[in-house]
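J.: First the structure, which I've put down as structure tokens, then a few questions once you've had a look.
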Amino acid sequence: MKSVPSAPRNEAADFLREKADNFVDPHISCIRWVTENLEFNKKKGHATMKITDLLSPESVLVDADIDSREKAISVLVDLHEKAGHLSDKEVYRQAVLKREAECATAIGMGLAIPHAKSDAVKTAGLAAVTVPGGIDCDALDGQPSNLIFMIAAPDDGDLHLEILSELVGLLMDEDLRTGLLQAGSPEAFLALLSEAEG
């Protein structure tokens, strides 16, 4: 498997660690959890998956007209269903809402990554939306979230953590985030991610 630089994951881990140290929040342990997984993947020194393998044009929506976190979750769950990732949309949606209640998944920089493990997931995958105006997802930096990915993973194992760390590491690149927000179609969105992954 192709080696990738560790720098993005260093930056991702440093960013999340700083947020965990500077914000008093009952969910900060979740941020530390992601940080530890980023460090683990950094030490491995190679990518274990490609983010673009988990996405398809059917699971991406650009320039979405969304005005709340709840609406974003519903839209993303619909995209997962459209892409064939789910066996029961409502069961999975409830799992995501439960996970969000336990730990807000907006990490800052306009980025949010709601996720859940569930028996209602047939095939692990990602869904993504861009929201030009941004929405309040209770981000650690207090800023609106305008780039939102949702991870769907089976209930067994820790695949969601692996996906999460790879995704956050990739999206530390500000130019990539800007390009994704400007993408005019799902195909353009995926092309940018594919180029970034190499």
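Derivation of every value follows stated rules applied to the coordinates shown; laboratory data play no part. If you're wondering where the values come from, they're calculated on a predicted model, not measured in any experiment. Because the Cβ atoms are built from the backbone with ideal geometry, glycine has one as well, and the counts that use them run over all protein chains shown.
J.: Using θ = phi - 60° and the Karplus relation 6.51 cos²θ - 1.76 cosθ + 1.60, list the HN-Hα couplings for the stretch 51-58 in order, rounded to whole Hz, with x at every Gly or Pro.
T.: 4, 5, 6, 9, 10, 8, x, 6
J.: Near PRO132, within a Cβ-to-Cβ distance under 10 Å, what is the net charge of the other residues, with Lys and Arg +1 and Asp and Glu -1?
T.: -2
J.: List, in order, the whole-Hz ³J(HN,Hα) value for each residue of the stretch 180-192 obtained from phi through the Karplus relation with A = 6.51, B = -1.76, C = 1.60 and θ = phi - 60°; use x for Gly and Pro.
T.: Result, ordered by residue: 4, 5, 8, 4, x, 7, x, 5, 5, 4, 5, 4, 5 Hz.
J.: Please arrange VAL131, VAL91 by counting, for each residue, the other beta carbons lying within 10 Å of its beta carbon, fewest first.
T.: Fewest-to-most Cβ neighbours within 10 Å comes out as VAL91, VAL131.
J.: Related question: Tell me which residues come under 5 Å, amide H to amide H, from LEU61 once H is placed; ignore anything under 5 positions away on its chain.
T.: Counting only residues 5 or more places away or on other chains, the set is ALA128, VAL129, THR130.
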